[in-house]
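The structure appears below as structure tokens.
Computed from the coordinates by the stated procedures, all read-outs in this text should not be read as laboratory data. Treat the numbers as computed from the prediction; the structure is a model and nothing was measured. FYI the Cβ positions are ideal-geometry reconstructions off the backbone, even for glycines, and counts take in every protein chain you see.
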Amino acid sequence: MSDSNEPSALPNDQAERAKNHKASFKLEKIYRLCRKHRRGAAVVEFAIVAPIFFGFTLGMIEVGRGVMVQQILTNASREGARRAVLDGATTSDVTSFVSTYMSNASVSAAGLQTAISPSLPTASGYNGPVTVTVTVPFNQVTWGPSPIFLNGSTLTASTTMRREGVQ
């Protein structure tokens, strides 16, 4: 019985394949006609999406640079405070150390300001806290020609350590 069913199934299978081939050919013809009317659609879509995409990308780069410089400022203020609490440290020593640290980190020191509070005493018996604050305008450290997203921002880091003088 199975032998008699196999030959009859084969022609039906071929007929089904031919029918499906004609249907797919018709669909392909319809798709081809639709594609003719969509010329330039990709260009228009790109023109709409590209400025938004590039804006987000440049914004992420600029904010990332801001975070990186903020971390460098924090490290510079910490290292400056470590210098400031040593016996015999002077304000000019701390300021020059912070400037050197920033230039070694490839951050322009054009607008860099270092403040030490209170001013370092010359007496070695002072045991109070010393605060080193490092400030730089973001437009001095941005990689872009003009900061778009963080324009006018000032990056600041401050570290306080206790001075331990020898008696």
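Sort 130-136, 110-116 for me by packing, meaning the mean count of neighbouring Cβ atoms within 10 Å per residue, highest on top. Let's see the in-between values first.
Values: 130-136: 21.9, 110-116: 16.3.
Packing proxy ranking, top to bottom: 130-136, 110-116.
Once you keep just the Cα pairs under 8 angstrom separated by 6 or more residues, what percentage relative contact order results for region 40-162? Walk me through the numbers on the way to the answer.
Values: 165 pairs, mean separation 37.8, N = 123.
Over region 40-162, the number comes to 31 percent.
Note down the magnitude of the dipole of region 40-162 about its Cα centre, charges +1 on Lys and Arg C-beta and -1 on Asp and Glu C-beta and zero elsewhere, to the nearest 20 debye.
Details: 5 positive and 5 negative charges, 53 e Å.
Value, rounded to 20: 260 debye.
Using a basic spin-label model with each label point 7 Å from the Cα along Cα→Cβ, how many nm lie between residue 86 and residue 74?
2.4
Taking other Cβ within 10 Å of each residue's Cβ, how do 24, 158 sort, fewest first? Numbers along the way, then the final one.
On the way: 24 10, 158 16.
So the residues, fewest neighbours to most, are 24, 158.
At 7 Å along the Cα-to-beta-carbon direction for both residue 143 and residue 96, put a label point, then send me their distance in nm to one decimal.
That separation, rounded to one decimal, is 3.3 nm.
Please rank 60, 161, 102, fewest neighbouring Cβ atoms within 10 Å first, as an exposure proxy. Each step should come with its number before you reach the end.
On the way: 60 11, 161 16, 102 22.
With the fewest neighbours first, 60, 161, 102 line up as 60, 161, 102.
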